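Step one of this worksheet: look at the structure below.
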Amino acid sequence: MQKPRIAVVGAGIGGLAAAAALARAGLRCDVFDRRDHPGLSGQGLGIQISPNGARALRDIGAVPHPDSAVRPDAVELRRWRDNSLIGRAPLHDAEARYGAPYYTLTRAELSGALLSAVDAGGGAGLFLGRRCVGAQVGRNGVRLHFADGGEHVADLVIGADGVHSALRGVLGGDGGLGPRFSGHVAYRAVIPADGLPAHLIRPHRVRVWLGPGRHCVAYPVRGGRMVNVVATAPSRSPEVPPERLLMGYAEWCGSVRALLSAAAGRGRVWPLHSGAPVPHRHRGGLVLLGDAAHPALPWMAQGASQALEDAVTLARCLGGPAPLERYDTLRGARAHRIATAVRAADAEHHLPDGLWQRRRDRRLATPPDRDWLYGYDPGAPS
C-alpha cells in the first residue's frame, strides 16, 4: 500500500517533533518553514520541558544531551519585594514519580535534538524560506499556497506554524479572529552565571518572583553555565522599550534587580499572544498542532510540552481508525484543561499586595497537584 504524502508547515518545536514522530512510525514528510533555518526564533533563549514533554521526547528518540540540559531540583515561588519563599515544588524525584525528568535548556539545543531524531528515523525533506499563506482542502488532498507563488499537494498537512498560523482560518470556527495581543509583554535574555550571586546559581532551580502586575523567572541553561531570565509587564502596546519594562522592577528585591541588571542590553521584548483552543483541530486532510491549535500565555511553561504531546499523539493516532477524529478528541480535552489552568495562573500570578495575595501565598505554601499535568503520557494507549 502506498504511503500517504505528508507535509508539515512549520519547523519549530511542534513541526520538528511531528517529523520525528512520523519518522519513528516509518512515515516520511516534507517540512516547510518561512525562516531560513529550522527551529523557533529566539534560538538561544531558554525553555522548560516538564516531565510530560520529556516523556514525549523520549518516545520519539529526541532526548537532550545531558551536558546541556539541566535537571532542576525544584520550582520556587518567591515574593517580589523581600525574596521570601512562598512555596517550593520539588523536582528531584520527577523521573521516579513521572517516568521522565524536568529539563531546562535552550531552544537551539531542543531543536538540535529533534533534528537528530528526524535524521535517525530516515529524514525528512526540509524546505526553508517557504512561507505558507493558505491552503485549500479537497477530496484529492490539501493544496498549500506559498508567498512565492508556489504550491504543494499532500494527502495530510500538519499545521505547526505557530501562534500566527496561516492555516488556522482554513478550519473555520474561530470567526477568523485567532489569537490576540494579551496585554502582556516579556523581556527575555540569557546571561552568564558567572558574576551572579551564588544563591541564584546553586542549587539548580526554576525561580519565580510574583508581584503586582508582573513576575520574573530565572532558571539555568547550558549545563548551568548560563541563566535564562524572563521579566513580564502589563502593556497596552505590544511594542515597549526594554528600558521602560525593566524600570518597573526598580523596587523589587535585590535578587531580581541583580538578574535584570545583568540582563540589561542582552535581550529583547516579546509581545505575548493568547487565544482559546480551536474548536476542531482538523478538516479533511488538514490538522493543527501546537500554538496553531491552542495558543496560550506561558504562565505554566507548557507551550513546548503541549506541542510535543500533540506530535506524539497524532503519530500514534495515524496507525488506527479515524485517526484525525481520534486525535481531535484526545487533544481537545487536554488543551481545554490546560487553558483553564493558564487562566487561573494569569489571575493569581499578578495580584496586588493585600488580602487576596496573602490567601494565595498561604495556598501556594503547599505545592499544587501537578500529577494530572506531569504524569500525562501521550504515547500510552487510550
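The values are calculated or read from the model by the stated rules, or taken from the named source; none is laboratory data. Keep in mind that this is a model prediction, so the values were computed, not measured. Here the Cβ positions follow ideal geometry from the backbone for every residue, glycine too, while neighbour counts run over all protein chains shown.
The table below lists the values:
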{"quantity": "Subset of the stretch 64-73 (residues that are surrounded by fewer than 17 Cβ atoms within 10 Å (Cβ to Cβ) and either over 21 Å from GLY224 (Cβ atoms) or hydrophobic (A, V, I, L, M, F, W, C) (or both))", "calculated": "none"}
{"quantity": "Filter result for the condition that a residue is farther than 19 Å from LEU45 by Cβ, surrounded by 16 or more Cβ atoms within 10 Å (Cβ to Cβ), in contact with a helix residue (DSSP H, G or I) (Cβ under 6 Å, 6 or more places away or on another chain) and not polar (S, T, N, Q), over LEU167, LEU171, LEU210, LEU156", "calculated": "LEU210"}
{"quantity": "Residue that is surrounded by the fewest Cβ atoms within 10 Å (Cβ to Cβ) [pool: residues in the stretch 3-21 that are of a type outside the set (Gly, Ala, Ser) and in a helix (DSSP H, G or I)]", "calculated": "ILE13"}
{"quantity": "Failed condition for PRO295, given (1) over 21 Å from ASP346 (Cα atoms); (2) assigned to a loop (DSSP other than H, G, I, E, B); (3) at pLDDT below 95", "calculated": "(1)"}
{"quantity": "Qualifying residue in the stretch 22-34 (condition: closer than 25 Å to ALA189 by Cα, part of a loop (DSSP other than H, G, I, E, B) and of a type in the set (Lys, Arg))", "calculated": "yes"}
{"quantity": "The stretch 71-127: number of residues that are more than 19 Å from the chain's Cα centre (by Cα), farther than 19 Å from ASP377 by Cβ and touching a residue at least 40 places away in the same chain (Cβ under 8 Å)", "calculated": "25"}
{"quantity": "Meets criteria (hydrophobic (A, V, I, L, M, F, W, C), in a loop (DSSP other than H, G, I, E, B), touching a strand residue (DSSP E or B) at 6+ places or on another chain (Cβ under 6 Å) and over 28 Å from ARG370 (Cβ atoms)) for VAL269", "calculated": "no"}
{"quantity": "The stretch 345-382: number of residues that are surrounded by 13 or more Cβ atoms within 10 Å (Cβ to Cβ) and of a type in the set (A, V, I, L, M, F, W, C)", "calculated": "4"}
{"quantity": "Residues located in the stretch 228-272, provided they are aromatic (Phe, Trp, Tyr) and farther than 22 Å from THR106 by Cβ", "calculated": "TYR249, TRP252"}
{"quantity": "Residue within the stretch 329-347 that is of a type in the set (Asp, Glu), in contact (Cβ under 8 Å) with a residue 12 or more places away in the chain and assigned to a loop (DSSP other than H, G, I, E, B) present", "calculated": "no"}
{"quantity": "Selection from the stretch 276-290 of residues that are within 16 Å of the chain's Cα centre (by Cα) and not in a loop (DSSP other than H, G, I, E, B)", "calculated": "LEU288, GLY290"}
